[in-house]
Amino acid sequence: MKKGLCIFLAVLFACISLTGCTIEVVEENQQEEETSSYRIYCLNGDETGLVEEDYTPKEEEAEFMIKDLMQRLGKKASEGEEINLLPKEVTINSYTSKEKVLIIDFNGQYSKMSRAREILVRAGIVKMFVQIPGIQSVRFTVNGQDLTDSKNEKIGEMNADTFVEYSGKDMDSYRYDTFTLYFTDKTGTKLVAEKRNVYYKRNLPKERVVLEQLAKGPMVKGHYPTIPGTAVALDVVISDRICYVDMDQSFLDYALDVSEEIPVYSVVNSILAACEADKVQITVEGSSSGTFGKEMNLYNFYEKNEQLIETEQDQEE
């Protein structure tokens, strides 16, 4: 009897122990499922922010996840009003991962996105891929060339911290505007208007944003630059409806094949289209003496020049 009782108790104890182990394993698996959530991103309806949704990969292996997320880039995260992260015309030429860095090469259409959308697209893509085990940063190239910013400087490797300012909590510190920028036609003698959506920090003056966008150059085919890409606005102030713009020396040292009045009125017309001002005075590194080219005096207060703007009749000719 004693021997039989001992065997029964031993079996019962083993069953209880195994049951306890089973419960523990289930709880651990549930915790893993709760903490192994990933995110995919798309744009909201007005292209001013990112929308995120849960993403559960079939395999949590780097190669699989990279391929799977690449295929999802051109797709919406849901059936709502959200917009695909990548426009249809933007495609991926190739991608490689090396030493924890994922390099994504896009076609030339990537550079034609508006600055506002490009920043958000970049943020969404980087946030998606740095979730992958073994990927710490992402680098973009366009047709094999490193992606550059408005100052033509390489952007380089990016991680989630690069885009902290674009998190939902900080969205109120940014604003979204549509500006009319004036570039030049192929003859270099007429101004052509170009609408551009820009997403920028709320504390940046509009006139400074306009000048930065002009320096970046046009995004529409048939439009050409009016000021050097290296031109920097040292100071911009509006007082008594006059906008005072102080540019660095590179503004004068231009080598663009355009009429000398085109750069001046490109700045003047673009600023007056965006800001509460009637006139613009341009100085260079604090000095209003001298001229831009041979005849454009820097000390002048310039008003908007409608005659230089290309008309439909000009296009027909």
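The values are calculated or read from the model by the stated rules, or taken from the named source; none is laboratory data. In this text, all values refer to a predicted model and were calculated from it rather than measured experimentally. FYI the Cβ positions are ideal-geometry reconstructions off the backbone, even for glycines, and counts take in every protein chain you see. These area figures cover heavy atoms from the full protein model, side chains too; ligands, DNA and RNA do not enter into them. Shrake-Rupley method; radii C 1.70, N 1.55, O 1.52, S 1.80 Å.
Taking a ≥ b ≥ c as the square roots of the eigenvalues of the Cα gyration tensor, the range 86-132 is oblate, since a/c reaches 1.5 or more and a/b is not larger than b/c. Residues whose amide H comes within less than 5 Å of that of Leu191, counting only those at least five positions distant or on another chain, are Ile309, Glu310 (H built at 1.01 Å from N in the peptide plane). When the pairs Lys112/Lys294; Lys88/Lys201; Lys201/Lys221; Lys88/Lys190; Lys58/Lys127; Lys127/Lys221 are compared against a 26 Å limit on Cα-Cα distance, Lys112/Lys294; Lys88/Lys201; Lys201/Lys221; Lys88/Lys190; Lys127/Lys221 fall above it.
Sparse packing (at most 15 other Cβ atoms within 10 Å of the Cβ) combined with a DSSP loop state is found for the following GluC sites (Glu not before Pro) in the range 218-314: Glu260, Glu276, Glu285, Glu295, Glu303, Glu306. Spin-label pair Ala193-Asp68: with each label point 7 Å from Cα along the Cα-Cβ axis, the two points sit 4.9 nm from one another.
Residues whose amide H falls under 5 Å from that of Val90, counting only those 5 or more places apart or on a different chain, are absent, with hydrogens built in the peptide plane.
Charge tally for Gly134 (other residues, Cβ to Cβ under 12 Å; Lys, Arg +1; Asp, Glu -1): -2. Taking 0.36 nm per residue of separation and subtracting the current Cα-Cα distance, fully stretching the chain between Gln109 and Gln249 would add 47.2 nm. The range 276-306: which trypsin sites (Lys or Arg not before Pro) are DSSP loop and have at most 10 other beta-carbon atoms within 10 angstrom? Passing sites in the range 276-306 are Lys294.
Counting other Cβ atoms within 10 Å, which trypsin sites (Lys or Arg not before Pro) in the range 203-270 have at most 11 and lie in a DSSP loop? The qualifying sites are Lys221, Arg241. Residues whose amide H falls under 5 Å from that of Thr141, counting only those 5 or more places apart or on a different chain, are Ile104, Asp105, Phe106, Leu147, with hydrogens built in the peptide plane.
Using the Karplus relation 6.51 cos²θ - 1.76 cosθ + 1.60 with θ = phi - 60°, the per-residue 3J(HN,Hα) values for the range 130-144 come to 6, 6, 5, x, x, 9, 9, 8, 10, 10, 9, 10, 10, 6, x Hz, with x marking Gly and Pro.
Take the range 212-251 with all the other protein chains still there, run a 1.4 Å probe, and you get 47 Å² of accessible area per residue.
The alpha carbon gyration tensor of the range 169-246 gives principal lengths a ≥ b ≥ c with a/c of 1.5 or higher and a/b no greater than b/c, which makes the shape oblate.
Computed from phi, the 3J(HN,Hα) profile of the range 155-160 under the Karplus parametrisation 6.51, -1.76, 1.60 (θ = phi - 60°) reads 6, x, 6, 10, 10, 4 Hz, with x in place of Gly and Pro.
Once you have the Cα-Cα distance between Lys58 and Val232, take 0.36 nm times their residue separation minus that, and quote the gain in nm to one decimal. Walk me through the numbers before you get to the answer.
Details: separation 174, 0.36 × 174 = 62.64 nm, distance 4.91 nm.
Extending this stretch completely gives an extra 57.7 nm.
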